[in-house]
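Input: a single structure, listed below in structure tokens.
The values are calculated or read from the model by the stated rules, or taken from the named source; none is laboratory data. Bear in mind that the values here come from a model prediction, so they are computed numbers and not experimental data. FYI the Cβ positions are ideal-geometry reconstructions off the backbone, even for glycines, and counts take in every protein chain you see. Ligands, DNA and RNA are stripped out before the accessible areas are found, and what is left, the full protein with its side chains, is counted by its heavy atoms. Shrake-Rupley method; radii C 1.70, N 1.55, O 1.52, S 1.80 Å.
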Amino acid sequence: MADGVTLPEAAPSRLTRLVGAMRAVFGLAVDVALPQLCASCREPVGSDGLCPACWSRISFIAPPYCERLGIPFPYDPGPGVLSMEAIADPPAYRRARVAVRFDDVARALVHALKYGDRLDLAPMMGRWMATAGRSLTADADALIPVPLHWRRYWARRFNQSALLAEAISKASGVPVVLDALKRVKATPQQVGLSQSARALNVQGAFRVSPAGKAAVAGRRLILVDDVITTGATVDACARALLRAGAADVSALAFARVVAAARPPI
Ligand SMILES: [Zn+2]
């Protein structure tokens, strides 16, 4: 995320040219000598983001799952059956799909992307999401990353959900719309909050900008987030998009917190 600022410089002396050349040589040597580390356990790996042991522990979410929330079922109850969560507390979004369960490997990947500046993980994570969300992207007009408040964006300098959305876009062909949905309230981190506290925390936190209305009204949209915990954040986003006239809103996340296996109703 270099900002591309170049400083005016004097003609390089012979010494600076020599130092530059050495740096190029040694920099290359360092790149070759340092193997990439597994994003989860920090063991050296080849080209991908995970070592074979961590890779084998990733828990992909596959059918059977709740048609509405994408929560996996321990057995196949037949087509169209919904989870207890979807019936008791139906979300504003129509459907959610998720790539993996939020376990310790998934947590390590999300943290590495979000805080560890392992931005190189986004294409892999986005590809998994594109696979999980195929039924959503098949008839969607745009991907909308869950926005950060501008203050957090300034501190972090990137939005991890936007990086994932770009990767999903590459795999699916559905374009990303970046600036339509705004986080207008700087909400405290959701970590450690109860389900009702989370819902209260994000109430009124999102709004479609006047300029963004045209990109949202009458469109079929997919919200993109890194983790769905209780679903309060994507639900608040979906409400804001529907208020602005969106025709349909679904959600696609990298990981979802899934409680112990529960049978469907
Ligand atoms: Zn590992």
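Here are a few things to note about the model shown:
- The residue list D179, D248 contains one member that is open to solvent by 70 Å² or more (accessible area, probe 1.4 Å) and not polar (S, T, N, Q), which is D179.
- Qualifying residue in the range 118-135 (condition: in contact with a Phe, Trp or Tyr (Cβ under 9 Å, 6 or more places away or on another chain), of a type in the set (G, A, S) and at pLDDT below 90): no
- Odd one out for A88 among (1) surrounded by 10 or more Cβ atoms within 10 Å (Cβ to Cβ); (2) of a type outside the set (D, E, K, R); (3) more than 22 Å from the chain's Cα centre (by Cα); (4) modelled with pLDDT of 90 or more: (1)
- If the condition is being part of a helix (DSSP H, G or I) and either surrounded by 18 or more Cβ atoms within 10 Å (Cβ to Cβ) or among the β-branched types (V, I, T) (or both), then the range 202-227 contributes G212, A215, V216.
- Note on the range 228-242: residues that are β-branched (V, I, T) and open to solvent by 30 Å² or more (accessible area, probe 1.4 Å) amount to 2.
- Being over 25 Å from Q195 (Cα atoms), in contact with a Lys or Arg (Cβ under 9 Å, 6 or more places away or on another chain) and not in a loop (DSSP other than H, G, I, E, B) is a property that R127 has.
- Among residues of the range 146-169, those that are under 22 Å from L221 (Cα atoms) and more than 14 Å from the chain's Cα centre (by Cα), counted: 1
- Hits in the range 35-51 - residues which are more than 8 Å from the ligand (Cβ to nearest atom) and exposed (fewer than 13 other Cβ atoms within 10 Å of the Cβ): P35, P44, G46, S47
- Exactly one residue among A112, A99 is within 16 Å of the ligand (Cβ to nearest atom), of a type outside the set (K, R) and surrounded by 17 or more Cβ atoms within 10 Å (Cβ to Cβ), and that residue is A112.
- Filter result for S56 (closer than 17 Å to V234 by Cβ and hydroxyl-bearing (S, T, Y)): no
- Residue ID - surrounded by the fewest Cβ atoms within 10 Å (Cβ to Cβ), chosen from residues in the range 149-176 that are outside any helix (DSSP H, G or I) and without any contact (Cβ under 8 Å) to a residue 60 or more places away in the chain: G173
- If the condition is being away from the ligand (no atom under 16 Å from the Cβ) and open to solvent by 60 Å² or more (accessible area, probe 1.4 Å), then the range 52-67 contributes F60, P63, E67.
- Selection status of D31, away from the ligand (no atom under 16 Å from the Cβ), at pLDDT below 85, of a type in the set (D, E) and part of a helix (DSSP H, G or I): yes
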